[in-house]
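Accompanying notes for the structure given below.
The values are calculated or read from the model by the stated rules, or taken from the named source; none is laboratory data. None of the values given here were measured: they were computed from a predicted structure. Glycine gets a Cβ as well: all are built from the backbone with ideal geometry, and neighbour counts include every protein chain shown. These accessible areas exclude ligands, DNA and RNA; they are computed on the full protein's heavy atoms, side chains included. Shrake-Rupley method; radii C 1.70, N 1.55, O 1.52, S 1.80 Å.
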Amino acid sequence: MPNTAVPTSLQGWLPSFFILQLYMNSPVWKQLITKFSILLEAVMSIQLATRIEDDEAARFRETTRLLGTTPADAMRIFISAFNAHRGFPFEVRLPDPKIEAFASEREAAEFSDRLALRMMNDAR
C-alpha cells in the first residue's frame, strides 16, 4: 500500500487548496475574481510627469531632503491636499494692484520699523 500521508508542513494548507480547487469553476469563484479585479484596479497607481526648470528641480529636491521626505512623497502630499480642498490648499490670487502711499515720511519710517521688528521676531 503506497504512503499517502500528507507531510505535517502541508496539513493546514492542503485542505484549503482542495476547497479552492472546487470553487475555481463555480460562479462564486468567478464573482470573487471579478470583485478582486475591480478592487485591484482601484488601488493601482499611475505615474504623472511634468517639466520644470533645472534650478527649480534642484531646489525642490533639496527642500524635500531638508524636510526629511522625498520629491515623490511631497508630490503625493500636495495631490492629496489638492483633492481634499477641491483645489489649491492655499489661496491663489493676483495681488491687489492698489498701492496707497504713506501720508508722511514719519508714517513710512514707523511702518518700516514695525516690519523689521516683526521679521526679527519671526526669525527667532
What number of residues in the range 103-124 are of a type outside the set (D, E, K, R) and modelled with pLDDT under 85? 1
Within the range 87-110, track down each residue that is open to solvent by 90 Å² or more (accessible area, probe 1.4 Å) and in a helix (DSSP H, G or I). Glu105, Arg106
Tally of residues being part of a helix (DSSP H, G or I) and open to solvent by 80 Å² or more (accessible area, probe 1.4 Å) across the range 69-86: 6
Cross-chain or 6+ apart pairs with Cβ under 7 Å, the range 79-93 first and under 21 Å from Gln47 (Cβ atoms), then surrounded by 10 or more Cβ atoms within 10 Å (Cβ to Cβ): Ala81/Pro89; Phe82/Phe88; Phe82/Pro89
